[in-house]
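Visitor: Just passing along the structure, written as structure tokens.
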Amino acid sequence: MKITQIEAWQVDMHLTEPYTIAYETVDQASNIFLCLETNTGINGYGCAAPDLQVTGEMSGDVIQAVKRAITSVLKGSDPLRPAFLMERLKSVIPDRPSALAMVDMALQDLLGKVAGLPVYKILGGYRDHMKTSITIGILPVNDTIKKAKLHVKQGFKSLKLKGGKDVAVDIERVRRVREAVGWQIELRFDANQGYTVDETMQFVKAIKSAKLKLIEQPTPRGQPDMLGRVTREVSIPVMADESLMDLRDAFRLARRNLVDMVNIKLMKVGGIAEALQINAVARAAGLEVMVGCMDEAALAIAAGLHFALARPNVVYADLDGHLDLLGDPSAGAVILHNGILYPTGRAGLGFDLD
């Protein structure tokens, strides 16, 4: 089996509604789609969601990576040797994690299609569905409550609230949302690096009665000791997100007991295969794992879901990045029902692009 043709194209998608986090407001997303054609007529598909703030890439960087590196490495090669191909690619484009993730997805997709199995079953098949949270960006308190009630009505059982700009407002927002949605709904909070240690401790103490499930990346990514201090001193689990970019970061966080949990995003770490290695480090250290996402098309969300379904210690999912995208060519790559995500059940990642 050989890869005979490689095609990549950019799709710009507006969001149904812009959202705000601690350091930016987002109203559109650009994803790069990849098709690996083979001499057997089986195609593999992947997707990149570059983000300059998180992955260090823009869309043009991914397209250039395809032209300058990915095509030369992959064309004419055997796609059923994904570990060999990904190691070669990592040596030539080490600073393009979402481009690597895109290729890894396409290779995993091909492997599953050749085997006639969904990717999550090949990887371990621990579960076959998973609850996801849905994110509410930084909004005025009353608007946040309206959003929370709407999502609960839609069937979601877990809400993730964004904050990090104003501790006092964040405290009010969490308390009011808890009052509005009751105690059966799980609440998570993501400060996106917006707090100091003292602000984090003030926040956690003030919202203790709201019973947050976790707090995600409260302090700046470049200050691991701050994150460790928060973890030691607060009463709820602390999760690293931006502080976890690769396998070495996972080792450092685990070795120094700086966090209770880690958020693995395929776009940050370079794909499913790399995520599995990071997950192994987390499991060895007794850290729980959440699979997260960027503003990703449903095909990339499917890849994250297949990874999460394969391993027992991936206990949380935050895979909602596709829900507000208009014109997603991979819509339908995952199935959402009452806040639960399911794979399509088809071979590979479960979706073929037109």
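Nothing in this text is a laboratory measurement; each read-out follows from the coordinates by a stated rule. What you are looking at is a predicted structure, and each value in this text was computed from that prediction instead of being measured.
Visitor: Please state the relative contact order of the chain as a whole percent: Cα pairs under 8 Å, 6+ residues apart?
Guide: On the way: 816 pairs, mean separation 70.4, N = 354.
Answer for the chain is 20 percent.
Visitor: Related question: Given H placed 1.01 Å from N in the peptide plane, which residues other than close sequence neighbours of Ile134 have an amide H under 5 Å from its amide H?
Guide: The list, which skips near neighbours in sequence, is Ser158, Leu159, Lys160.
Visitor: Does anyone have the angle between helix 197-206 and the longest principal axis of the chain? Alpha-carbon axes, 0 to 90°, nearest 10?
Guide: The answer is roughly 70 degrees.
Visitor: Going through the cross-link list Lys75/Lys268; Lys162/Lys208; Lys147/Lys208; Lys67/Lys90, which pairs have a Cα-Cα distance over 19 Å in this structure?
Guide: Lys75/Lys268; Lys147/Lys208
Visitor: Quick one: angle between helix 224-233 and the longest Cα principal axis of the chain, in degrees between 0 and 90, rounded to 10, please.
Guide: The two axes meet at around 50 degrees.
Visitor: Restricting to bridges with both residues inside the chain, how much of the DSSP beta-bridge set is antiparallel, in percent to the nearest 5?
Guide: Numbers: 26 of 50 bridges.
About 50 percent, rounded to the nearest 5.
Visitor: Working from Cα positions, state the angle (0 to 90°, nearest 10) between the long axis of helix 141-153 and the longest principal axis of the chain.
Guide: Here the helix axis deviates by roughly 60 degrees.
Visitor: Can you give me the Cα centroid spacing of segment 161-225 and segment 326-341 in angstrom?
Guide: Taking the Cα centre of each part, segment 161-225 and segment 326-341 sit 28 Å apart.
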